[in-house]
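Q: Take a look at this one; I'll ask things after.
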Amino acid sequence: MEPVRPEFVPDPSLSRAEMETRQTDIADAAAFTDDLAVEPTALGEQPVVAGVDQAFDGDTATSALVLIQGGEVIKRTHATAPTAIPYIPGLLSFREGGAILDAFVGLEREPDVVLVDGSGRIHFREAGLATHIGVTLDVPTIGVAKSLLCGQPRESLDEPLGAGERVAIEADEDVTAPDGTVIGYAVQTRQYDSDSRHINPLYVSPGHRVSAETAADVVARQAAEYKLPEPTRLADAYAGELTS
DNA sequence: GCGACAG
DNA sequence: ATCTTGTCGC
C-alpha cells in the first residue's frame, strides 16, 4: 500500500510551527469513530492485525512490520531511513513516520487494523504517531504507548489495576479536544498476583477510524501471554534482531 | 524562569 | 529509543 494523502507524509524539514499546523490538519482529517472490520466474518475469516515498531542504530531508523491473522504470522517486512531530526515530545511522527510509511510500501495484503507504538489521539493536538500514519495511509490504526503523553486519568492510577481493567483518559487543558473528552484508555492487559511487584498499564488511543472503546478492546484481545499485544511484541522483537 | 511530555 | 549486570520474585 501507499499514502492516500501524500500531502501528509511527514516532512522533517518543516519548522516546528509548520509541523504543529500540519498536525491540526491531520486531526481534522482523522476519524475517532469505528470504521473497520475486526470481527471474524461469517465465513470464519479472522481479521489481519499488524504491529509496527522501530529500533535505532546511530542515525538510522529501522521500522519493522508484522502481520498476524488468527494467531499466525502471515507477513514480515521492514524498511530503514535516516533520522533527520531528534526526538521532540509531540512531534514524534516527523522523526519516525517516514520509515514506518516505507515499511508499508509494497504490502500487497492490507491489514484490517494497525497497532502503532506510541500515541494516537492522546496527543496535544490529537494527532500522535498512530493518527498521522492512519490518516496518511487511510488505514485503521491504534496507538499503543507505555507511558502517558498527556491527558488525565478519570480515576487515580496510583494503585495497580487488575488484569482486564481499564481507566478512561480524558482531555484536559493540554489537549485540543473539549475538556472531559475520552481520548483513550489505560489498559491493564496483564498483572502479577503478588503485592510488591506490579505491571504498569498500556495507554491505548484511537489513531484513525477506531473509537477509544474499540481500540482498548482490540489491544486487550491481542495480548495473551505478555503485557504487549502480540503484533506489537513481535514487531518489537523483529526490529531488534534487524538492528543487532 | 518553571513545568514537562510518546519514542 | 539507547546505554547496561545483577537481582528480585513468581
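Q: Only one of these conditions is not met by A:V113: (1) closer than 30 Å to A:E45 by Cβ; (2) touching a residue at least 24 places away in the same chain (Cβ under 8 Å); (3) open to solvent by 40 Å² or more (accessible area, probe 1.4 Å); (4) more than 16 Å from DNA strand C (Cβ to nearest atom). Which number is it?
A: The one condition A:V113 does not meet is (3).
Q: Tell me which residues, restricted to region A:103-138, are assigned to a loop (DSSP other than H, G, I, E, B) and either of a type in the set (A, V, I, L, M) or modelled with pLDDT under 95 (or both). Reasoning before the result, please.
A: Start the filter on region A:103-138 by keeping residues that are assigned to a loop (DSSP other than H, G, I, E, B), which leaves A:105-112, A:118-128, A:138.
Listed by number, the residues that qualify are A:V105, A:G106, A:L107, A:E108, A:R109, A:I122, A:A127.
Q: To continue, here is another question. Tell me, please, whether a residue that is in contact with a strand residue (DSSP E or B) (Cβ under 6 Å, 6 or more places away or on another chain), small (G, A, S) and within 16 Å of DNA strand B (Cβ to nearest atom) can be found in region A:179-196.
A: Yes, there is a match, as at least one residue in region A:179-196 is in contact with a strand residue (DSSP E or B) (Cβ under 6 Å, 6 or more places away or on another chain), small (G, A, S) and within 16 Å of DNA strand B (Cβ to nearest atom).
Q: Name the single residue, out of those in region A:131-161 being more than 14 Å from DNA strand C (Cβ to nearest atom) and among the small types (G, A, S), that is farthest from the chain's Cα centre (by Cα).
A: Among them, the one singled out is A:S156.
Q: From the list A:R22, A:R76, which one is among the basic types (K, R) and more than 16 Å from DNA strand B (Cβ to nearest atom)? Please lay out each step first, then the result.
A: Working: A:R22 fails: more than 16 Å from DNA strand B (Cβ to nearest atom).
Exactly one of A:R22, A:R76 is among the basic types (K, R) and more than 16 Å from DNA strand B (Cβ to nearest atom), namely A:R76.
Q: Being closer than 17 Å to A:G128 by Cα and within 15 Å of DNA strand B (Cβ to nearest atom) is the filter; apply it to region A:197-231 and report the residue that is most open to solvent (accessible area, probe 1.4 Å). Please lay out each step first, then the result.
A: Here is the first cut: in region A:197-231, the ones closer than 17 Å to A:G128 by Cα are A:202-212, A:215-216.
The next check asks that each one be within 15 Å of DNA strand B (Cβ to nearest atom); those that pass are A:202-208, A:215.
Working: A:L202: 1, A:Y203: 31, A:V204: 1, A:S205: 0, A:P206: 2, A:G207: 0, A:H208: 10, A:A215: 0 Å².
Across region A:197-231, the extreme among qualifying residues is A:Y203.
Q: Could you go through region A:157-177 and let me know if any residue there is within 14 Å of DNA strand B (Cβ to nearest atom) and in contact with a Leu (Cβ under 8 Å, 6 or more places away or on another chain).
A: Within region A:157-177, one or more residues are within 14 Å of DNA strand B (Cβ to nearest atom) and in contact with a Leu (Cβ under 8 Å, 6 or more places away or on another chain).
Q: Name, by its number, the condition in (1) outside any strand (DSSP E or B); (2) buried (at least 19 other Cβ atoms within 10 Å of the Cβ); (3) hydroxyl-bearing (S, T, Y) that does not hold for A:T33.
A: Going through the list (1) outside any strand (DSSP E or B); (2) buried (at least 19 other Cβ atoms within 10 Å of the Cβ); (3) hydroxyl-bearing (S, T, Y), A:T33 breaks only (2).
Q: Continuing with the same structure: Here are the criteria: (1) among the small types (G, A, S); (2) within 22 Å of A:R16 (Cα to Cα); (3) surrounded by fewer than 24 Cβ atoms within 10 Å (Cβ to Cβ). Tell me which single one A:G120 does not satisfy.
A: (3)
Q: Continuing with this model, one more query. Kindly indicate which of A:Y238, A:Y185 is aromatic (F, W, Y), open to solvent by less than 30 Å² (accessible area, probe 1.4 Å) and either in contact (Cβ under 8 Å) with a residue 12 or more places away in the chain or in a helix (DSSP H, G or I) (or both).
A: It is A:Y238.
Q: Among the residues of region A:45-62, write down those that are small (G, A, S), over 26 Å from A:A215 (Cβ atoms) and near DNA strand C (Cβ under 8 Å from one of its atoms).
A: Kept after step one, since they are small (G, A, S), are these residues of region A:45-62: A:50-51, A:55, A:58, A:61.
Then drop every residue that is not over 26 Å from A:A215 (Cβ atoms), which leaves A:58.
Once the filter is applied, which keeps residues that are small (G, A, S), over 26 Å from A:A215 (Cβ atoms) and near DNA strand C (Cβ under 8 Å from one of its atoms), region A:45-62 yields nothing.
Q: Between residues in region A:152-180 that are open to solvent by less than 30 Å² (accessible area, probe 1.4 Å) and modelled with pLDDT under 95 and residues that are outside any loop (DSSP other than H, G, I, E, B) and of a type in the set (D, E), which pairs lie under 9 Å by C-beta distance while being six or more apart or on different chains?
A: No pair meets every condition.
Q: Can you name every residue in region A:73-102 that is in a strand (DSSP E or B) and either within 21 Å of A:A215 (Cα to Cα) or among the hydrophobic types (A, V, I, L, M, F, W, C) (or both)?
A: Within region A:73-102, the first condition is being in a strand (DSSP E or B), and the residues that meet it are A:73-82.
The answer is A:V73, A:I74, A:A79, A:A81.
The values are calculated or read from the model by the stated rules, or taken from the named source; none is laboratory data. It should be emphasised that the depicted structure is a prediction, and the values quoted were computed from it without experimental measurement. FYI the Cβ positions are ideal-geometry reconstructions off the backbone, even for glycines, and counts take in every protein chain you see. Just the protein is used for accessible areas: all its heavy atoms, side chains included, with ligands, DNA and RNA removed. Shrake-Rupley method; radii C 1.70, N 1.55, O 1.52, S 1.80 Å.
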